[in-house]
Amino acid sequence: MGWTAGATMEANGRIETGDVHPAERSRPSIAVEKLGDLPPLTGLRFFAAFFIVVGHATPMMLRLTPNPQLVINVTNCFLEVGMELFFVLSGFVIHYNYADVGRLPHSRNIAKFYIARFARIYPLYVLFLTLQHVLHGGDLRATAFFLGMTQSWVFVVLGGVPLFGHLSAFVTWSISTEWFFYCLYPIAAWLLAMTRHRLIAALVLAVLALLGLAQVVFLYLHDQEVNAFAQAVWGPPGIAFWGWLIALSPVGRLSPFLIGVATAHIFITRYGKPVGESERRLGIVLLTVALACAIVMCGAQSVGSRYVNSIALFIYSLSIAVIIFCCARYRSPISRFLSAPLLIACGDASYSIYLFHLSILEVTRVRDVIPWTWYNVFYVGFRYTAAVLITIVFSVVMYRVFEAPARAATRALLGRFINPGASRADRYFPIAMCVGIPIALSIIGWFISLRS
């Protein structure tokens, strides 16, 4: 959307389940963690990361004169599509795997959820922050917020720069926003579990999410009033408040996540029911329509107005929810394509792709503006393709060499606290570490910012 200030890819790991069964043939299970793996969603995660890479790479690579602005506008839409796909998919995957957190909200279950999420995010995140600080430096006053993964939760100005712009780690705002949703999710899962009728609960949640989108659109269309308020409070740096509020903060990104949760809630109700031929055909039609809506909206948005951008927010979220549901439940050429081994491998590496893609693009970018000639077009195209391939290959290697081993080691280390026979205090320790410590670090950072 027109207000996209960056891109994201926390990229939840491949569906973390035990037994693997096709969703069309599996029997329903009380324990969501035993539901089958959904490979197409891993492939979708790669495309979320890929759209973000393309959206950032195009203006860095197509430095031609005259400026190909229409192409850049289209790829800017890719950023928003990738963003929405990420958050909706994240909500779907989290609820699909961890709905039991709401049905059985005891300490061991919640601790298991936070251990899995912390291990998925934090090791690679800390490595990335460390590299950014060593290579580029940064204001150490912001470190507490970044280590606590709360840099997008509050709008703080340090040294005339908004908090999320420090440490040369702007892309990590989405990790912070996603972590806020993880802290919130057990409460949402518990409320959903209290509702006897799953479909009604999902529809109510979807309506609330749409109301949230309407609120974001209202803020988007009243940017002047918001900017006037922010600059009165923070001075010139307050000009970034509006973009932070609707594009980076949890306020602006909660609705797509909740739409994903609602979609998963509906999917679970259909999980054990066989797919008839008529339903399968209907699913393929809905999938085709949803894809067409997203593509048409992207084209319209690239040449449209602010009001078109507002409509796009609703179209993208709902279309992506339909695409995820249909890819997860129905077998189709698209779901088979998304399940290809190569796409699965790239989807596994999507978190690394997101974190490191800007660093790689900065090294490989075209720095001088050059005229349109056949040679220059070939040169730019070759450099563009090489940069994307280097990003993907580097990320796949990073996933296998560091990310996956570090995640397994972290889960094994923290998992000792929830083994059978562990005391209640032991079971609460991972919760305190994964939630309490980030919040404590943020409070420390807040006091430092007040005293600076």
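The values are calculated or read from the model by the stated rules, or taken from the named source; none is laboratory data. Note that this is a predicted model, so its numbers are computed, not measured. For neighbour counting, all protein chains shown are included, and Cβ atoms are generated from backbone atoms with ideal geometry for every residue, glycine included. SASA here: full protein model, heavy atoms, side chains in, ligands and nucleic acids out. Shrake-Rupley method; radii C 1.70, N 1.55, O 1.52, S 1.80 Å.
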Normalised by the residues of the chain, what does the relative contact order come to in percent, with Cα pairs under 8 Å and at least six apart?
-> 30 percent
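State in Å² the accessible area per residue of segment 199-256; use a 1.4 Å probe, count heavy atoms of protein chains only, and round to the nearest integer. Before the final figure, lay out the partial values.
Numbers: 2660 Å² over 58 residues.
For segment 199-256, the per-residue accessible area is 46 Å².
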In whole angstrom, the spacing between the Cα centers of segment 37-100 and segment 229-291 equals 13 Å
Check the cysteines of the chain one by one and keep only those with no other cysteine Cβ under 4.7 Å from their own.
-> C183, C293, C326, C327, C346, C434
Long-range amide H partners of L158, meaning residues 5 or more apart or on another chain whose placed amide H is closer than 5 Å, are L163
Heavy atoms only, probe 1.4 Å: what % of the accessible area of segment 305-452 goes to carbon and sulfur, would you let me know?
-> 73 percent
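Given +1 on the Cβ of Lys and Arg, -1 on the Cβ of Asp and Glu, and no further charges, what dipole in debye does segment 249-401 carry about its Cα centre, rounded to the nearest 20?
Roughly 280 debye, rounded to the nearest 20.
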Per residue, how many Å² of accessible area does segment 321-393 show with a 1.4 Å probe?
-> 49 Å²
At a 1.4 Å probe radius, carbon and sulfur cover how many percent of the accessible area of segment 124-200?
-> 70 percent
In deg cm²/dmol, rounded to 500, what helix-only [θ] at 222 nm does the chain give when every DSSP H run of at least 4 residues adds -39500 (n - 2.57) and the total is split over its residues?
-> -23000 deg cm²/dmol
Under a 5 Å amide H to amide H cut-off, with H placed in plane at 1.01 Å, what residues pair with I370 once short-range neighbours are removed?
-> L64, T65
Along the charge dipole of the chain, Cβ charges K/R +1 and D/E -1, which of A422, A409, A264 sits furthest on the positive end?
-> A422
